[in-house]
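Scroll down for the structure; my scribbles are underneath it.
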Amino acid sequence: MAEDLAQTESSYVVWSRRLVTAVAVGMSLFHLYIAFFGPPNAFTLRSTHLGLALVLTYLSMPGTLKRRPSGPGWWDWILVIAAIAAASYPVIELQYFSTRMAYVGPVSQVDIFFGVLMMVVILEATRRAIGAILPVTALLFLAYQLIFTSVDPIRLVEYQYMTTDAIFGIPIQVSATYIVLFVLFGALCERMGVGKLFMDFALALTGHTAGGPAKVAVVSSGIFGSISGSATANVMTTGTFTIPLMKRIGYKPAFAGSVEAVASTGGQIMPPIMGAAAFVMAEFLGTSYLAVATFAILPAMLYYFAVFLAVHLEARKQGMQGLPKADLPRLGEVLRERGHLFGPLVIIIGTLLYGYSAPFAALCGVLSVVPIAMLRKSTRAEVTFRKVIDALSAGAINAIIVAMACASAGIVIGVIAQTGLGLSFTGVVRALAADSLVLALILTMIAGIILGMGMPTTPAYIVQVALLVPAMVRLGVPVEAAHLFVLYFAILSAITPPVAIAVYAACGIARSPIWETSFTAVKLAFTGYIIPFMFVFGPSLLMIGHWTTVVMTAITAFSGVALLSIGLQGYMLGPLHWLPRLLFGTAAFVLIKPGLLTDSIGAALTVSGLLIDYLFRRASRNAPPQSATDSASVKTGGE
């Protein structure tokens, strides 16, 4: 009897796993179909996307911290049915939803029932997918609307569920049209061996230099992170290889973990693909994704230049060497055997440059991965039917995290829009800042990091757009710079203590103390906290303006970043005295604001620091060596 029961449970587990795979593959194929043939009506597309994501969440993610060894339980099936019903209602009643006038047409009891049901299943699915912080945030916003405003609860449900401004608003639309395809592209690339190409390419390029493994982490995480779009996923993918390598050549575990966390986090701001929030930004700005990537390219290069330089200076300061060349792959051999796997990335970039939409570019990239992997014998073995199915399944499962985040963020956006809370928050920021742009930016930075703690980048960015961006624009910040400013701090919250999710992931691999690793990560990424201020005061850093201005701003920005890294690490050609460090750090901050006066002051401080450093070095070289007897007498005298 017990054996029969165990066999029945085992069969149920196998059956439920196959069902999850079937739903996930179906979700991926559905989005590939609409990318090729064009999306249907807004309610149909967004409801179907959200319904599939909800079903997949309840089937694949447990409701408690304990693993689900026996497949979905009865409560999960009830939630699956509820999700299907709530997502199907707008599709079944499409004409009614599409033609009714909000705030004018009557709202039936059935409408209210399905609207409340949709909010409940979204919040519970979000809790399962990404934790409790975002659902609790959404509930607090809903409570504020119900308790402290005069909005009718029926109209609240109507706005949330029966319009395309809240749950079915821009965030879920971007999730359905852009994000799923790029996440699927990343899953296919990973299964077809593109990740190995990135790692071998970085090893061949930088592995032999001082602190080579740390530079490998920076390069490989930057490339892979631009595809994965998730700091934590990036850490777990590349960090399992790079962190042990860094520890092997002598880096402390905390430093090794922090390098990987910082490099992985930057992938979300690195074109060509960036993170999911970049697609949402394109929709909010009403511009193309290519334009957003253009805005982001120089700041992203500054970020990685700063991290790369900090790693190099730390290696030089500690006297670390690179890995033996005999143990490293040769660059020519890597490119010859696997270089063709860069092809899908080239296709995506080329498609975007030709002016096609981001979903079409992603579709071209997805469809190109398997044929390109089959071009050479060295990668043909990676292409199997099982791996393609795994990629289609993994792509959908990875996408549900973003979908749930976007749906819950849509609830928050709905409350902010319906109550006018965004305008009130703008007034509060302006009042506290007293019309001081610098103070307003600092307040926005702090609020952005707090809002982003423990929350995925996309919903953190969406909430900040509604609450913080209007205040910045009213104070004269260009709208492109304002959006990128809050995006940066939504991203940097992943490495900012106390809730530094990417650092926690890296600590698990490095076996390092969380607080030490967190503060080391903040020091390494310190320039990243300064870069947003740089492009607010100098929008030409976002490629806005005449090319000569852009070039001059870029030169001063890279100079400032280099000076700040040198000042923070306390090393240039050798260890630095505190006075040159102070001058270099001050020069870096002066160069934040472009202009002839600030550039001149920054240059003067830099020259002064170089001169003083030279004088200290010469004095040190010319000082007579201290004998052992002198040393002993000095010690005795000191005692």
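The table for this structure:
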| quantity | calculated |
| --- | --- |
| Residues satisfying the stated conditions in the stretch 160-199, i.e. outside any helix (DSSP H, G or I) and either among the acidic types (Asp, Glu) or closer than 24 Å to Thr457 by Cα (or both) | Thr164, Asp165, Ala166, Ile167, Phe168, Gly169 |
| Of residues in the stretch 417-445 being part of a helix (DSSP H, G or I), more than 21 Å from Ile170 (Cβ to Cβ) and of a type in the set (Gly, Ala, Ser), the one modelled with the highest pLDDT | Ala440 |
| Single match in Val194, Val219, Val151 (criterion: modelled with pLDDT under 90, surrounded by fewer than 24 Cβ atoms within 10 Å (Cβ to Cβ), touching a Phe, Trp or Tyr at 6+ places or on another chain (Cβ under 9 Å) and within 25 Å of Ser378 (Cβ to Cβ)) | Val219 |
| Answer from Leu123, Leu139 - the residue that is within 21 Å of Thr163 (Cα to Cα), part of a helix (DSSP H, G or I) and either of a type in the set (Asp, Glu) or without any contact (Cβ under 8 Å) to a residue 24 or more places away in the chain (or both) | Leu139 |
| Every residue from the stretch 503-523 that is touching a residue at least 40 places away in the same chain (Cβ under 8 Å) and closer than 18 Å to Met445 by Cβ | Ser518, Ala521, Lys523 |
| Enumeration of residues in the stretch 201-214 that are surrounded by 24 or more Cβ atoms within 10 Å (Cβ to Cβ) and part of a helix (DSSP H, G or I) | Ala202, Leu203, Thr206, Gly212, Pro213, Ala214 |
| Residues being touching a Phe, Trp or Tyr at 6+ places or on another chain (Cβ under 8 Å) and surrounded by fewer than 17 Cβ atoms within 10 Å (Cβ to Cβ) - total across the stretch 319-331 | 1 |
| Enumeration of residues in the stretch 520-533 that are of a type in the set (A, V, I, L, M, F, W, C), within 18 Å of Val486 (Cα to Cα) and part of a helix (DSSP H, G or I) | Val522, Phe526, Ile530, Ile531, Phe533 |
| Only listed residue being under 29 Å from Phe584 (Cβ atoms), modelled with pLDDT of 90 or more and not in a helix (DSSP H, G or I), chosen from Val477, Val536 | Val477 |
| Extreme residue, farthest from Leu32 (Cα to Cα), among residues of the stretch 370-414 that are surrounded by fewer than 17 Cβ atoms within 10 Å (Cβ to Cβ) and of a type in the set (Gly, Ala, Ser) | Ser378 |
| Flag if Val334 is at pLDDT 85 or above, crowded, with 19+ Cβ neighbours inside 10 Å and under 25 Å from Gly528 (Cβ atoms) | no |
| Any helices (runs of 4 or more DSSP H) falling wholly within the stretch 25-115 and containing at least 1 residues that are free of Cβ contacts under 8 Å to residues at least 40 places away in the same chain, in contact with a helix residue (DSSP H, G or I) (Cβ under 7 Å, 6 or more places away or on another chain) and not acidic (Asp, Glu) | 42-60, 74-92 |
| Selection count, the stretch 258-311, where residues are buried (at least 21 other Cβ atoms within 10 Å of the Cβ) and charged (D, E, K, R) | 1 |
| Helices (runs of 4 or more DSSP H) contained entirely in the stretch 546-634, each with at least 1 residues that are modelled with pLDDT under 85 and either over 36 Å from the mean Cα position of the chain (by Cα) or among the hydroxyl-bearing types (Ser, Thr, Tyr) (or both) | 596-622 |
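The values are calculated or read from the model by the stated rules, or taken from the named source; none is laboratory data. From a predicted model like this one, the values you see are computed outputs, not experimental measurements. Quick reminder, even Gly has a Cβ in these numbers, built from the backbone with ideal geometry, and neighbours come from all protein chains shown.
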